[in-house]
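This report refers to the structure that appears directly beneath it.
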Amino acid sequence: MGRIDRRLGRAVQTALRLVYPARCLGCGGIVESDFGLCGPCWAETPFIGGLACDLCGAPLPGGDPDEIAHCDDCLRTPRPWHRGRAVMLYEDLGRRLVLGLKHGDRLDIAAPAAFWMVDTAAPLLQDGMIVAPIPLHWRRRVSRGYNQSAEISRRLARRLQDRGALDLPDLLCRPRATPSLDGKSAADRFAALGDRLVVTPARRAALVGRPVLLIDDVMTSGATFSAATRACLDAGSGPVSVLALARAVKAP
């Protein structure tokens, strides 16, 4: 029966693809695989390759990709987390993909984002990690209909099941709303967040001593990840690493 079920499943997928061919996430053109990018859109997507900052994932010039190095921002601003990475820069098609997921109901972007992020996260991964998203205040979540970071983290945790990953979408909560951080300076972002992120009381026992991988769509100043990391560490977690789909960096 298992073989028959697999054959039936493949037949159904083939039929669906004939009716609904796979589309490029960027331009909507037909592509060979679901959740893919066509050649031109792939070339336009600013994926981060080569040497990257070991704390925030920002690309760095030259050097060995396996070298441990830190960018100027992370040298100036101490980071409470252990290590960090990002998949792409928050510009060009990378920015459009993030905004589509965040504000455009483009939940089809969450699965490929998780796929890209698993590869990028390789240096950060530890067995038995808790995978948790940066939370939204409940009013914003209701208004938007979903938490884009949670959509990514759920799919990412599923891909890490063989490493004993634990998916805890409600590990952290945001009891008080945070004012919009768009256009704010780094100092204002850190001040606005303060203690706005806390560990959900019911999750404290599961957190103690376990490594944590925090997920967000964009890292800008690092203020949100800092607040979330401190909340985890204060509650007794193991080392915390951070992973973003995109990293916003200043133009040279």
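The solvent-accessible area of ASP119, taken with every protein chain present and a 1.4 Å probe, is close to 100 Å². The coefficient of translational diffusion for the stretch 38-119, derived via Stokes-Einstein from the alpha carbon Kirkwood radius under 20 °C and 1.002 mPa s, stands at 153 µm²/s. Each of GLY100, LEU156, VAL118 was placed along the dipole of the stretch 80-167 (beta-carbon charges, centred on the mean Cα), and the one lying farthest toward the positive end is GLY100.
Model label sites at VAL142 and ALA22, defined 7 Å from Cα along the beta-carbon direction, differ in position by 4.0 nm.
The values are calculated or read from the model by the stated rules, or taken from the named source; none is laboratory data. Quantities reported herein were computed from a predicted structural model and do not represent experimental measurements. As a convention, Cβ positions derive from the backbone with ideal geometry for all residues, glycine included, and neighbour counts pool all protein chains shown. In case anyone asks, the SASA skips ligands and DNA or RNA and just uses the protein heavy atoms, side chains included. Shrake-Rupley method; radii C 1.70, N 1.55, O 1.52, S 1.80 Å.
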